[in-house]
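Quick notes on the structure that follows.
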Amino acid sequence: MTAELGDLYQEVILEHSKAPRNFRRPAAANHEAEGYNPLCGDRCSVYIEMDGEAIKEIGFQGSGCAISRASASMMTQMVKGKTKAEAAKLFEQFHQLVTGKDEAARADELGKMAVFAGVSKFPARVKCATLAWHTMQSALEHNKKPEPVSTESAREL
């Protein structure tokens, strides 16, 4: 990755962290989950309004590092309108990207989420980047608020 591209990626992450998209609880949310990353202190709640198998609306609230907030912001933009199965596939692709297991192919498929490819060089940050995704998966699996998701119990590396 060139220095210019790395700078651009950093700008995108910082911009989404400072002004996160969908940082709210949708009024008609019927699925939700909480997530926590004890290593970094990130906290994330994901709220989803499902229409059958489709994610009609999605939002998040919480606090955390720039990577965690930016990932949650960009995730909500990416999965809105997708089915549960499509969201699960995107999560798997994102996970492969941030763990460095399939960086090139996943970057093409993930579009703007490719800005997180560099996270694979910092294993502790993988949990920051995937917290919102794990939390979303938990929300999709339960329509009542489940036990909080912890990155210490989540599959990572």
- request: List the number of the failed condition for G81; all other conditions in (1) in contact with a Pro (Cβ under 9 Å, 6 or more places away or on another chain); (2) modelled with pLDDT of 95 or more hold.
  value: (1)
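Determine whether H142 is in contact (Cβ under 8 Å) with a residue 40 or more places away in the chain, over 22 Å from E15 (Cα atoms) and surrounded by fewer than 16 Cβ atoms within 10 Å (Cβ to Cβ).
Details: in contact (Cβ under 8 Å) with a residue 40 or more places away in the chain: yes; over 22 Å from E15 (Cα atoms): yes; surrounded by fewer than 16 Cβ atoms within 10 Å (Cβ to Cβ): yes.
When the stated conditions are applied, H142 passes them.
Report the residue count in the stretch 56-72 for those that are surrounded by 24 or more Cβ atoms within 10 Å (Cβ to Cβ) and free of Cβ contacts under 8 Å to residues at least 60 places away in the same chain. Walk me through it before giving the result.
Initial filter on the stretch 56-72 (surrounded by 24 or more Cβ atoms within 10 Å (Cβ to Cβ)): 58, 60, 67-72.
Subsequent filtering for residues that are free of Cβ contacts under 8 Å to residues at least 60 places away in the same chain retains 69-70.
Qualifying residue count for the region: 2.
Give the residue that is farthest from G118 (Cα to Cα), with candidates limited to residues of the stretch 45-93 that are among the aliphatic types (A, V, I, L, M) and touching a Gly at 6+ places or on another chain (Cβ under 9 Å).
Residues of the stretch 45-93 that are among the aliphatic types (A, V, I, L, M), as a first pass: 46, 48, 50, 54-55, 58, 66-67, 70, 72, 74-75, 78-79, 85, 87-88, 90.
Applying the additional criterion that residues be touching a Gly at 6+ places or on another chain (Cβ under 9 Å) yields 46, 48, 54-55, 72, 78.
On the way: V46: 25, I48: 28, A54: 31, I55: 28, A72: 17, M78: 19 Å.
Result: A54.
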task: Keeping to the stretch 35-55, report how many residues are touching a Cys at 6+ places or on another chain (Cβ under 6 Å) and surrounded by fewer than 17 Cβ atoms within 10 Å (Cβ to Cβ).
output: 0
L97, sole failed condition from (1) among the hydrophobic types (A, V, I, L, M, F, W, C); (2) touching a residue at least 24 places away in the same chain (Cβ under 8 Å); (3) closer than 18 Å to M113 by Cα: (2)
statement: Taking first residues from the stretch 103-128 that are among the basic types (K, R) and second residues anywhere that are at pLDDT below 85 and surrounded by fewer than 21 Cβ atoms within 10 Å (Cβ to Cβ), the pairs with Cβ under 8 Å that are 6 or more apart or on different chains are K127/A154; K127/E156
- prompt: Based on what the data block shows, is P38 under 15 Å from P148 (Cα atoms), in contact with a strand residue (DSSP E or B) (Cβ under 8 Å, 6 or more places away or on another chain) and not aliphatic (A, V, I, L, M)?
  reply: yes
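The values are calculated or read from the model by the stated rules, or taken from the named source; none is laboratory data. Predicted model, so just to flag it, every value in this text is computed and none were measured. Note: ideal-geometry Cβ built from the backbone for every residue, glycine included; neighbour counts use all protein chains shown.
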